[in-house]
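The values are calculated or read from the model by the stated rules, or taken from the named source; none is laboratory data. Remember, it's a predicted structure, so these values are computed and weren't measured experimentally. We place every Cβ from the backbone using ideal geometry, glycine too, and count neighbours over all the protein chains shown.
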Number of protein chains: 2
Amino acid sequence: MEQVKKLSSLFKVLSEPNRLRILTSLGLECRPVSAVIADTGLSQTNVSFHLRKLREMKLVRGEKNGSFVFYCISDPELLELLNRFREWGAKS
Amino acid sequence: MEQVKKLSSLFKVLSEPNRLRILTSLGLECRPVSAVIADTGLSQTNVSFHLRKLREMKLVRGEKNGSFVFYCISDPELLELLNRFREWGAKS
DNA sequence: TCAGTATATGCGTTATCGCTCATATGTGAG
DNA sequence: CTCACATATGAGCGATAACGCATATACTGA
């Protein structure tokens, strides 16, 4: 029961196109918010909004560096799982 | 771009707790809607509603047998992917 | 044909979500 | 301290999603 809820909220966070773009924009590196904004073309407010969701679900973490905040994907295995799903969705 | 949209809508369908319950209720077998209703405790209307979403995303398929409709998960690999995610979400 | 069972669908309501606007907080430069 | 830049947050709006209710369709058996 509680497993289901956790899994569903994980999928919910991943179900947003812009959040997926943000995740792939980060990739394996740690990048400042401004880089993600430039990459995705989304508004600053919007990127910040989505990064919060990703942070709350612990999919990314933010590290302060001067006036910048560098965000990175918490666990690289997430990218692998995303690829698995992408490949699976592509077939048929 | 289009990849992202497809992936996100796949996750969107999976982001509903009741739909996850329905999927795990089906498992590897083909079961009539009434069995899923009994299993999940959801209303008939609600189960039908969710099964439609799963059908539209081609995650399940329904086969008529008399006055029953047996639903099955289209590709067993989906269950495997779900387990991968569940295990991944459990750690940490 | 009629009654009963199994499933699907349209409508209306409520809740949730993504987004933006305005504003706040924090940091480095001068 | 003040200004500019980088990021975060709260309020409000419009779109979308889930759910229940009522009803429709489809099949079965008497």
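Residues satisfying the criterion are absent from region B:73-81 (criterion: in contact with a strand residue (DSSP E or B) (Cβ under 9 Å, 6 or more places away or on another chain), at pLDDT 95 or above and within 14 Å of DNA strand C (Cβ to nearest atom)). When A:LYS53 is tested against (1) touching a residue at least 24 places away in the same chain (Cβ under 8 Å); (2) loosely packed, with under 15 Cβ neighbours inside 10 Å, just one condition goes unmet, and that condition is (2).
Could you list, in sequence order, the residues of region B:68-82 that are more than 7 Å from chain A (Cβ to nearest Cβ) and either surrounded by fewer than 17 Cβ atoms within 10 Å (Cβ to Cβ) or over 11 Å from the mean Cα position of the chain (by Cα) (or both)?
So in region B:68-82, the residues more than 7 Å from chain A (Cβ to nearest Cβ) come out as B:68-76, B:78-80, B:82.
Within region B:68-82, B:PHE68, B:VAL69, B:PHE70, B:CYS72, B:SER74, B:ASP75, B:PRO76, B:LEU79, B:GLU80 meet the criteria.
B:CYS30 passes every criterion in (1) at pLDDT 95 or above; (2) touching a Leu at 6+ places or on another chain (Cβ under 9 Å) apart from (2). Filter region B:2-42 down to residues that are assigned to a loop (DSSP other than H, G, I, E, B) and under 18 Å from A:VAL13 (Cα atoms) and give me whichever is farthest from the other protein chains (Cβ to nearest Cβ). So the residue we want is B:GLU16. All of (1) surrounded by fewer than 16 Cβ atoms within 10 Å (Cβ to Cβ); (2) in a loop (DSSP other than H, G, I, E, B) hold for A:THR45 with one exception: (2). All conditions in (1) touching a residue at least 24 places away in the same chain (Cβ under 8 Å); (2) closer than 25 Å to B:GLU16 by Cα; (3) surrounded by fewer than 16 Cβ atoms within 10 Å (Cβ to Cβ); (4) of a type in the set (Asp, Glu) hold for A:GLU29, with the sole exception of (2). The set of residues in region A:43-67 that are among the hydrophobic types (A, V, I, L, M, F, W, C), in contact with a helix residue (DSSP H, G or I) (Cβ under 8 Å, 6 or more places away or on another chain) and more than 14 Å from chain B (Cβ to nearest Cβ) comprises A:VAL47, A:LEU51.
Regarding region B:83-91, can at least one residue be identified that is touching a Ser or Thr at 6+ places or on another chain (Cβ under 7 Å), loosely packed, with under 14 Cβ neighbours inside 10 Å and at the interface with another protein chain (Cβ under 9 Å from one of its Cβ atoms)? Scanning region B:83-91, I find no residue that is touching a Ser or Thr at 6+ places or on another chain (Cβ under 7 Å), loosely packed, with under 14 Cβ neighbours inside 10 Å and at the interface with another protein chain (Cβ under 9 Å from one of its Cβ atoms), so the answer is no.
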